[in-house]
Amino acid sequence: MKLSEFKNADESKSINNAKTESKEYKENAKNTNTQKEKSIEELYGTYKNMNSNQLLNELLKQVDNQKKDGTFNFDDLKNSLNQVMPFLNEEQKNNLMTILNQIK
């Protein structure tokens, strides 16, 4: 085999590998999105029939569990909520601040 033939064969393999990896990446991304959609649907199914008091109690339980296992980060939560605040009306902002104060 000539050197030029070796180089072309190697480039062909690289291109095919890149295509395969790209296809695998797209498939993995699709599967991940499908899993996220299922997870969201499951969560919605769990909480859709709860009233506001039940939802608040569930939230407080989740926060308590996260505090116990060391995964709760109030600053991260507050920063995330600050990004949402401009899209809320005054009543929603007040409700959210009340909940934040309960979580502290």
(request) Give the residues of segment 70-83 that are free of Cβ contacts under 8 Å to residues at least 12 places away in the same chain and either touching a helix residue (DSSP H, G or I) at 6+ places or on another chain (Cβ under 9 Å) or not assigned by TED's automatic domain parsing to the domain that holds residue 60 (or both), sorted by residue number. (result) 71, 72, 73
(request) Mind listing just one residue for me: the one in segment 27-63 that is among the basic types (Lys, Arg) and over 16 Å from the mean Cα position of the chain (by Cα) and, of those, nearest to residue 100 (Cα to Cα)? (result) 61
(request) Please tell me if residue 44 is part of a helix (DSSP H, G or I) and either small (Gly, Ala, Ser) or modelled with pLDDT of 75 or more (or both). (result) yes
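The values are calculated or read from the model by the stated rules, or taken from the named source; none is laboratory data. It should be emphasised that the depicted structure is a prediction, and the values quoted were computed from it without experimental measurement. Glycine also receives a Cβ, built like all others from the backbone with ideal geometry; neighbour counts cover every protein chain displayed.
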